[in-house]
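Everything on this sheet refers to the single structure shown next.
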Amino acid sequence: MLNWIEQRTGFVSMTKDFLTEDIPGGASYWYVFGSATIFAMILLIVTGIFLTFFYAPSAATAWESTRSIYMHPFQHLVLSIHYWSASAMIALVFLHLLQVVIWGAYKSPREVQWIVGVFLLLVTLVLGLTGYLLPWDMDAYAASQVSINLTLQAPVIGQFIQQFVQDGTTMGTLTINRFFGLHVWLMPAVLVMLVGAHLAIFRWNRPAGPPVDDPRPLKPGRFWPDQMFMDAVASLIVFAIIMALAIWAPPYLDMKADPAKAFIPYPAWYFLDLFGLLQLIPSKFEILGALVVPGIATLILFLLPWIDRSTTRALGSRKPILWMLAVSLAIIWGLSIWSQLGIMQKQAAGPPSVPEAQVLAAASTTASAATASAPAALSLQAKAGQAVFAQDCSSCHGPQGQGTPGVFPPLANNPFVTGNPQAVISVLLDGKQGPTTVNGQGYNGQMPPWKATLSNKQIADVATFIRTALGTNKASAVALSEVAALKK
């Protein structure tokens, strides 16, 4: 059987070459960071695929589907494993790069290998950033709003980036879909390609080995079985830590995102240093903390193989680089601790967080009450309009039509909505700009025209849903002919 596979694929000989690779200096636990990182990545991808079976990416369903995951013990455990696997992978990538810097393993001929490794760190951070929004609770909303607004600091293209990431004037369903696509499809694909490239280049260059002053070649060892055993032990330890944290310290689910409520965001631990830097710099110089300092630090990382002019990898010949590393780590840790203490102080001064059990119980009570008071089944037209509303309207006007204070008016319990149907159709077709007043409250958002985006049927359906099913709205349905008559 093996001969048959070998003749047609060459997999057997490739596996043999991989397992019999020479390791400079013999097997060592210093070499396990790369393998442990790949293990965390696999765990992250597997659990992430499982979670997509239960998660619904929209402003009306993201938090509710996350809450449903929390209510099922096994699904909750998988979500917790996914959460801590992300932290583990970011920590392991950082430790792996730290070891490479200390050993000088970025030096010729491994410059490209190092650059790919830096890209891997950046992609894992983007994965963490995009995944942070998906639960759509108060912390996810507030922290993600800060990160999205920082893109405006980029000259020329800042507003374009902000509009692309947020996909609208406010965060909502389209924002969740954009982050979901980045987190679930684009970034994992880029991550897998980078890991493949990193491994291929690593195989070509061979392991660098520890930095030694002795110029004679290090005594080699074999990958199989010694190094593979050590890699397996390290991966098992990582898995045990992730499982322990997933069981005893699962991620907290806050109340559902509400832009009308003030909230002190708590960024992920791997962004605490950047958050602290932003708090330290005056607001008029925010571009320094948002772009300039992180940009310079990233550029230095990419150029490190050329900045280091030492002729050997020995520690004694690279003292300036090692001192720069020590100072950088001290600054990162100092900013992170300072940021952590500042956030804790602000949170202590504000109202206490609602216990998670109370959050879940309150949501269950609200859902039961809503079900008990729900009207009769929607008409087929209203059901079709409900889907259009969730996709295109709920991000601004709220999943229940409650609106956004000061910006977008509520559609539920709105006398204009239940009034003249031709006026409602005209607003949907041509949009609306300028201030408006609903139930004594002022709003000044901008409604885009939908006549070029939605079909006549979709406009008739969503107008029917808004007029007949949102809040206490009880008005007539809208016919397709009424839309066609007004559309120019």
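Here are the numbers for this structure:
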| quantity | calculated |
| --- | --- |
| Verdict on residue 238 being part of a helix (DSSP H, G or I) and surrounded by fewer than 18 Cβ atoms within 10 Å (Cβ to Cβ) | no |
| Contacts under 8 angstrom Cβ, first residue in segment 155-167 being modelled with pLDDT under 85, partner aromatic (Phe, Trp, Tyr), 6 or more apart | 165/179 |
| Residue 47 being crowded, with 20+ Cβ neighbours inside 10 Å, touching a His at 6+ places or on another chain (Cβ under 7 Å) and among the hydroxyl-bearing types (Ser, Thr, Tyr) | yes |
| Helices (runs of 4 or more DSSP H) wholly inside segment 1-78 that include at least 2 residues being farther than 30 Å from residue 394 by Cβ and hydroxyl-bearing (Ser, Thr, Tyr) | 11-19, 32-52 |
| The listed residue being farther than 16 Å from residue 237 by Cα, hydroxyl-bearing (Ser, Thr, Tyr) and at pLDDT 80 or above, out of 20, 47 | 47 |
| Which listed residue is in the same structural domain as residue 339 (by TED's automatic domain parsing), out of contact with any strand residue (DSSP E or B) (no Cβ under 7 Å at 6 or more places or on another chain), surrounded by 14 or more Cβ atoms within 10 Å (Cβ to Cβ) and closer than 22 Å to residue 116 by Cβ, from 272, 278, 301 | 301 |
| Any hit, segment 196-214, residues being modelled with pLDDT of 95 or more, surrounded by fewer than 15 Cβ atoms within 10 Å (Cβ to Cβ) and either within 21 Å of residue 52 (Cβ to Cβ) or in the same structural domain as residue 104 (by TED's automatic domain parsing) (or both) | no |
| Residue match in segment 438-455 (condition: among the polar types (S, T, N, Q), surrounded by fewer than 17 Cβ atoms within 10 Å (Cβ to Cβ) and part of a helix (DSSP H, G or I)) | no |
| Matching option when the condition is over 20 Å from residue 94 (Cα atoms) and either surrounded by 14 or more Cβ atoms within 10 Å (Cβ to Cβ) or outside the structural domain of residue 122 (by TED's automatic domain parsing) (or both), among 308, 258 | 258 |
| The one condition in (1) over 33 Å from the mean Cα position of the chain (by Cα); (2) aromatic (Phe, Trp, Tyr); (3) crowded, with 16+ Cβ neighbours inside 10 Å that residue 416 fails to fulfil | (3) |
| Unique residue being over 14 Å from residue 172 (Cβ atoms), in contact (Cβ under 8 Å) with a residue 60 or more places away in the chain and not β-branched (Val, Ile, Thr) when the list is 399, 415, 421, 409 | 421 |
| Tally, over segment 276-311, of residues that are in contact with a helix residue (DSSP H, G or I) (Cβ under 8 Å, 6 or more places away or on another chain) and either under 14 Å from residue 106 (Cβ atoms) or part of a loop (DSSP other than H, G, I, E, B) (or both) | 11 |
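The rows are residues; the columns are (1) modelled with pLDDT of 95 or more; (2) of a type in the set (Gly, Ala, Ser); (3) assigned by TED's automatic domain parsing to the domain that holds residue 191.
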position: 3; (1), (2), (3): no, no, no
position: 8; (1), (2), (3): no, no, no
position: 31; (1), (2), (3): no, no, yes
position: 36; (1), (2), (3): yes, yes, yes
position: 59; (1), (2), (3): no, yes, yes
position: 62; (1), (2), (3): no, yes, yes
position: 65; (1), (2), (3): no, yes, yes
position: 76; (1), (2), (3): yes, no, yes
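The values are calculated or read from the model by the stated rules, or taken from the named source; none is laboratory data. Source: prediction; values computed, not measured. Neighbour counts are summed over all protein chains in view; Cβ atoms, including those assigned to glycine, are modelled from backbone coordinates with ideal geometry.
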